[in-house]
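See below for the structure under consideration.
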Amino acid sequence: MTAYSNITDNQSIDIVMDELGANATNAARLLSLAPTDAKNTALMEAANSLRANIAAILEANATDMAAAREKGISAAYLDRLKLDKDRIEAMAKGLEDIASLKDPVGDIIDQWQRPNGLEIARVRVPLGVIGIIYESRPNVTADAGALCLKAGNACILRGGSESYHSSRAIWSCLQDGLGAAKLPLTAIQIIPTTDRAAVGKLLTMSDTVDVIVPRGGRSLIERVQNESKIPVFSHLDGLVHIYLDKDADLQKAIKITFNSKLRRTGICGSLETLLIDKKIIGSHAMPVLEKLMAAGCEIRADSALCSLDDRIIPATDDDWHTEYLDCILSVKVVDDIDAAMTHIATYGSNHTDCIITENAATAQKFLNQVDSAIVLHNASTQFADGGEFGMGAEIGISTGKMHARGPVGVEQLTSFKYQVRGTGQTRP
């Protein structure tokens with residue numbers, strides 16, 4: 001790929017982006033035919049390169065972290081941006097996990113024979129070229145590039161300006177893997193500028209880009225949805241809820257709520273609103289909230305809960321709409337499961353929602369009726385992750401309903417075509 005620097009004008013950006021698109025289209029044709037062994041070799045060698053280049057990746061990340069601190073970025077945002085040896089090892093392990101997955105390309109989804117003798121098969125094929133726009137988390141560079149490669153797609157990556165140096169260091173390791181496997185280096189490209197005009201150009205490249213996958217906050221998603229001339233897999237914000245049912249086990253409620261909120265506050269599966277059945281306020285509310293407050297979590301709640309503890313801050317209507325991605329939790333008392341589901345339908349983002357209950361019928365009602373990409377029963381919302389689902393990794397959690405929903409892994413990055421075999425049949 002051509003090296004570019006100091007791209008400052010729209011004409012230069014257009015030239016660069018058009019070249020990226022043409023390169024990706026050519027690479028996609030080759031990748032659609034690439035043998036599984038070659039793709040797996042690229043992934044394994046990229047994992048080795050990540051481990052071998054830990055020092056360089058950490059140095060690049062330190063540059064990004066320093067710039068982010070100067071801008072006064074929040075602690076939760078810094079956590080999303082930060083890399084350390086464990087997180088780099090997790091990226092490398094993720095690439096190895098993706099390599100171990102079954103290759104979806106060429107998989108026969110279904111097949112049947114018609115009365116006239118025609119044999120019809122529905123077969124998985126790559127989508128083609130995928131444009132991926134993401135914000136602060138540099139590990140998405142590895143996950144997205146690897147998933148696209150395994151599914152036979154070329155990709156054009158555009159990370160956030162805050163993670164620019166980190167993302168490029170990780171991308172360089174992916175390039176090492178492609179080179180070792182003798183696959184086109186243009187199979188995984190990264191936009192070489194932080195200028196937002198490059199995103200605008202990418203969203204119009206319908207001749208060379210087949211799908212756009214945005215991963216980030218509401219403002220990014222809305223911009224992509226409004227401007228894109230290319231189909232979009234929407235990954236909206238994670239306004240995640242837990243409902244503590246009247247039949248919730250107290251110890252499970254404490255453990256699951258704490259993990260859902262505080263394991264990592266800056267990820268999209270982090271709990272943002274807790275709904276508590278009014279019948280268990282006396283038995284469950286304070287034990288659950290006390291555990292959170294003792295760990296430094298700010299609680300914003302309705303009047304029924306504010307009266308229980310002076311540390312609880314009155315919630316406003318804005319709190320029910322807010323994805324904090326921080327050590328803040330909004331809490332509300334509801335009459336029953338129907339009121340809880342109404343609240344989720346009104347304020348949720350169709351991402352991830354959970355019920356804690358020992359009543360199997362109530363749990364099934366919640367799982368059936370809550371219209372979210374992921375619904376859980378008695379488990380932490382932080383399991384909303386493709387890796388935890390056994391997909392190796394994910395590009396993100398799709399909150400839309402077309403084509404892909406929930407964690408977007410290798411299968412979700414394919415389409416299908418019909419292969420029809422005959423013996424001379426003609427249509428009457």
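Only residues in the stretch 282-302 that are in contact (Cβ under 8 Å) with a residue 40 or more places away in the chain count as the first member; pair them with residues that are loosely packed, with under 13 Cβ neighbours inside 10 Å and assigned to a strand (DSSP E or B), Cβ under 9 angstrom, at least 6 apart or cross-chain, and list the lot.
none
Helices (runs of 4 or more DSSP H) wholly in the stretch 1-111 with at least 2 residues that are under 30 Å from ARG122 (Cα atoms) - which ones? Before you say what the answer is, go through the steps one by one.
On the way: elements: 10-31, 36-52, 54-70, 75-81, 85-100.
In the stretch 1-111, the matching helices (runs of 4 or more DSSP H) lie at 10-31, 36-52, 85-100.
Take the residues of the stretch 117-144 that are in a helix (DSSP H, G or I) and of a type in the set (Gly, Ala, Ser): which is farthest from ASN61 (Cα to Cα)?
Kept after step one, since they are in a helix (DSSP H, G or I), are these residues of the stretch 117-144: 139-144.
Then drop every residue that is not of a type in the set (Gly, Ala, Ser), which leaves 142, 144.
On the way: ALA142: 14, ALA144: 18 Å.
Taking the candidates together, the pick is ALA144.
Is it true that GLY177 is surrounded by fewer than 18 Cβ atoms within 10 Å (Cβ to Cβ), of a type outside the set (Asp, Glu) and not in a loop (DSSP other than H, G, I, E, B)? Let's see the steps before the verdict.
Numbers: surrounded by fewer than 18 Cβ atoms within 10 Å (Cβ to Cβ): no; of a type outside the set (Asp, Glu): yes; not in a loop (DSSP other than H, G, I, E, B): yes.
Criteria not met by GLY177.
Exactly one of these conditions fails for ASP195: (1) of a type in the set (D, E, K, R); (2) in a loop (DSSP other than H, G, I, E, B); (3) under 19 Å from VAL408 (Cβ atoms). Give me its number.
In the conditions (1) of a type in the set (D, E, K, R); (2) in a loop (DSSP other than H, G, I, E, B); (3) under 19 Å from VAL408 (Cβ atoms), ASP195 misses (3) alone.
From (1) under 29 Å from GLU222 (Cα atoms); (2) touching a Pro at 6+ places or on another chain (Cβ under 6 Å), pick out the condition that doesn't hold for SER161.
(2)
Which residues, counting only those in the stretch 95-117, are of a type in the set (S, T, N, Q) and touching a residue at least 24 places away in the same chain (Cβ under 8 Å)?
Start the filter on the stretch 95-117 by keeping residues that are of a type in the set (S, T, N, Q), which leaves 100, 111, 113, 116.
Hits for the stretch 95-117 are SER100, ASN116.
Does at least one position in the stretch 400-407 carry a residue that is modelled with pLDDT of 80 or more and under 14 Å from CYS268 (Cβ atoms)?
Yes: one or more hits.
If a residue has to be more than 19 Å from SER303 (Cα to Cα) and within 23 Å of the chain's Cα centre (by Cα) to count, how many in the stretch 317-345 make the cut?
So in the stretch 317-345, the residues more than 19 Å from SER303 (Cα to Cα) come out as 323-327, 337-338, 341-342, 344-345.
Now drop any that are not within 23 Å of the chain's Cα centre (by Cα), which leaves 323-327, 344-345.
Residues in the stretch 317-345 being more than 19 Å from SER303 (Cα to Cα) and within 23 Å of the chain's Cα centre (by Cα): 7 in total.
Within the stretch 349-363, which residues are within 18 Å of ILE256 (Cβ to Cβ) and in contact (Cβ under 8 Å) with a residue 12 or more places away in the chain? Steps first, answer last, please.
Keep residues of the stretch 349-363 that are within 18 Å of ILE256 (Cβ to Cβ), which gives 351-360, 362-363.
Of everything in the stretch 349-363, those that are within 18 Å of ILE256 (Cβ to Cβ) and in contact (Cβ under 8 Å) with a residue 12 or more places away in the chain turn out to be HIS351, THR352, ASP353, CYS354, ILE355, ILE356, THR357, GLU358, ASN359, THR362, ALA363.
With respect to SER206, determine if the residue is in a helix (DSSP H, G or I), among the hydroxyl-bearing types (Ser, Thr, Tyr), modelled with pLDDT of 95 or more and surrounded by fewer than 15 Cβ atoms within 10 Å (Cβ to Cβ).
On the way: in a helix (DSSP H, G or I): no; among the hydroxyl-bearing types (Ser, Thr, Tyr): yes; modelled with pLDDT of 95 or more: yes; surrounded by fewer than 15 Cβ atoms within 10 Å (Cβ to Cβ): yes.
No: the conditions fail for SER206.
Count, please, the residues in the stretch 227-266 that happen to be charged (D, E, K, R) and within 19 Å of VAL408 (Cα to Cα). Steps first, answer last, please.
Looking only at the stretch 227-266, we keep the residues that are charged (D, E, K, R), and these are 227, 229, 237, 245-247, 249, 252, 255, 261, 263-264.
Those left that are additionally within 19 Å of VAL408 (Cα to Cα): 237.
Going through the stretch 227-266 one residue at a time, the tally reaches 1.
Looking at the stretch 167-224, which of its residues are more than 19 Å from ASN153 (Cβ to Cβ), touching a strand residue (DSSP E or B) at 6+ places or on another chain (Cβ under 7 Å) and free of Cβ contacts under 8 Å to residues at least 60 places away in the same chain?
ILE221
Go through the stretch 351-392 and count every residue that is in a loop (DSSP other than H, G, I, E, B) and on the phi < 0 side of the Ramachandran plot.
Total satisfying the criteria: 17.
The values are calculated or read from the model by the stated rules, or taken from the named source; none is laboratory data. Remember, predicted model here, so these are calculated numbers, not experimental data. FYI the Cβ positions are ideal-geometry reconstructions off the backbone, even for glycines, and counts take in every protein chain you see.
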